[in-house]
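A.B. asks: Please find one structure pasted underneath; my questions will follow.
Read-outs: derived from the displayed coordinates by stated rules, not from any lab. Quick caveat, the model's predicted, so the values are computed rather than measured. Neighbour counts run over all protein chains shown; Cβ positions are idealised from the backbone, glycine included.
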Amino acid sequence: MKKRLTLLAAILLVAMLVLSGCTGTPDPTAAPTATSTAKPYTPGQYKFSLPEENYDFGGKTIVIYSYHGQDFEQREDFIRRYALDDEIKSKYNVNIRYDLDMTRGANDAIAGSPTIDVGFLGLHTLFSFYNGGAVEPLDDYFTELHFDGTNSIRWDAEGTIWNTMGGKVYAMNTTAYELWKFHNVYALFMNKDLLVQRGINPNEIYDLQKNKQWTWDKFSEYAQRVTYDLNHDDVNDIWGTAINGDYLLTGLMTSARTNYIQYNKEKNQFTYAPDDAFLSTLTFIKSLITNEASRPPETISGISENVDIQDFMDGKLGFYAYVFQRTWQAGFFGEMKDDYGVLCFPMPEGQNDYYIADNLNGGWAMYTHPNKDDCRELAKFLYVYCTPRFDVNDPTDEQEAYWTEALNRIRDEESRYFLEIIYDQTNVIRNNNTTFNYNGLMGQMGLHNIWDGSMSVQEAIQTTLPVCQEFMETFYSKTGL
């Protein structure tokens, strides 16, 4: 079943395609609503909880790094964002422009001439920019941000604390309303067309999932059945899955309800603390390699993560762990020709339910500006911009917003199972590991020694434990956490 579009969006999409047939490539830094004269919404169609303050930004243009800088999108979250932007522009006398070049924006900020004012930063990115002096702390602007350390209509207090470095807050986490709950969670995708070619009915897997029988062993069994040597040259051309990056590791650890980075709320500190569930997860992933259920990672096969992604899209991988958010960005799963399904990660034997990773580990931060008055004005804008994208006083509007957008990311009804867990926030646990992986911890963990068989899981953990602990201490000394 192909992706669904609302009737309104579908009609307007056809109209836009006709109107845009002779136009050039739109400027990616231009406001997306400027790429079409026909807007997919009418004034007043949506209700937003705009702040009551009479801010007047004097017609200033504020540049934001955001996915909304892509070519105009007919998805519900984008449509509502643009409709909200129009109301913000009108009420507060401000212009909004988007920019997709975060790297250039950060370099410009470090050089003292910022070209981006506000960035949506994953926490691992935020740490990097913090070390480069490219972000401005928000503490001096808490009055304008209406942040008092508690959850509010706009701010997630716990997430904001996570963005604290050197005793200063560098990003404000927005409250995870329904429309955003699935944006950074990891999911297990299956290429349904490839599975059918290998004699597997995808509905079998959906049934296993529904009956709480979708286990690690079942995943391994199906992945082994997909792996195949097409030309009988003793080299597999089709693989059940692949393990580059941290997606499969993180997803399986979440399914086992563990993090190798533990967070101590009292000390506001993270430590490297692998437990038995973490060791079991590594042992299972190792078995996927030895049983030829998974293609060996780049350290052995020489095949990169980018190739993994493309191979899944091209029908050469049966299952692939990835960020659910990316399925709708240009070049990712949303555009693949083969049909795909979205699954929960399988559960370990003896467990009776699935768990999902909450990767809401980023926030909004102001890039460093030489003029601190600019930052104060940007803080006010940040408070306005983080307005919820639906009527918070109308639960039906919130629900409609979530499901209309969520269904644009799946192609069959069975994938709703995954989405419902996220929507209901059932068995969702915070993933502590991603930030530190991206800052280099994963390279210190000695996983390659496990994958190539040179060390057992226990030996690799024991050998690298002091190294990882030193990494965490060094990391804290750099950031001042």
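A.B. asks: Report relative contact order for the chain in percent, whole number only (criteria: Cα-Cα under 8 Å, sequence separation at least 6).
C.D. replies: About 23 percent, as a whole number.
A.B. asks: Label-point separation (nm) for R257 and D276, each offset 7 Å from Cα along Cα-to-Cβ?
C.D. replies: For the pair R257/D276, the computed spacing is 1.3 nm.
A.B. asks: Please list, in chain and number order, the residues 5+ apart from Y340 or on another chain whose amide H is under 5 Å from its amide H, with Hs placed from the backbone.
C.D. replies: Counting only residues 5 or more places away or on other chains, the set is K192.
A.B. asks: Please list the equivalent ellipsoid semi-axes of the chain, computed as the square roots of five times the alpha-carbon gyration tensor eigenvalues, in descending order and whole angstrom.
C.D. replies: They are 38, 29, 20 Å, listed largest first.
A.B. asks: Divide by every residue of the chain the summed helix terms, -39500 (n - 2.57) for each DSSP H run of at least 4, and state the resulting mean residue ellipticity at 222 nm, rounded to the nearest 500 deg cm²/dmol.
C.D. replies: Computed mean residue ellipticity for the chain: -11500 deg cm²/dmol.
A.B. asks: Check the straight Cα-Cα distances from K39 and name the aspartates and glutamates below 19 Å, setting aside those fewer than 8 residues away within the same chain.
C.D. replies: Output for K39: D27, D71, E73, E76, D77, D85, D86, E87, E405.
A.B. asks: Starting from the coordinates of the alpha-carbon atoms of region 116-230, obtain the Kirkwood hydrodynamic radius over all distinct pairs and give the value in Å to one decimal.
C.D. replies: Hydrodynamic radius (Kirkwood, Cα only) of region 116-230 equals 18.2 Å.
A.B. asks: Would you calculate the separation in nanometres between label points at D193 and E221, each defined as 7 Å from the Cα along the Cα-to-beta-carbon direction?
C.D. replies: 2.8 nm
A.B. asks: Based on the mean of other Cβ atoms within 10 Å per residue, sort peptides 417-425, 114-122, 391-399 so the most packed one is first.
C.D. replies: Ranking the peptides 417-425, 114-122, 391-399 by packing returns 114-122, 417-425, 391-399.
A.B. asks: Could you calculate the FRET efficiency of E470 with I429 from 1/(1 + (r/R0)^6), where r is the beta carbon distance between them and R0 is 30 Å, rounded to 0.05?
C.D. replies: 0.65
A.B. asks: Then there's this: Report, by chain and number, residues whose modeled amide H sits under 5 Å from the one on V135, excluding near sequence neighbours (fewer than 5 apart, same chain).
C.D. replies: Amide H neighbours of V135, under 5 Å, 5+ apart: T368.
A.B. asks: For labels at R376 and E53 in the simple 7 Å Cα→Cβ model, what's the distance in nm?
C.D. replies: According to this spin-label approximation, the distance is 1.2 nm.
A.B. asks: Oh, and also: Mind listing P(r) for region 180-238? All alpha-carbon pairs, 10 Å bins, whole percents.
C.D. replies: Spelled out bin by bin, region 180-238 gives 18, 44, 28, 9, 1 percent.
A.B. asks: Relative contact order for region 48-103: what is it in percent, counting Cα pairs under 8 Å that are at least 6 residues apart?
C.D. replies: Once normalised by length, the contact order is 56 percent.
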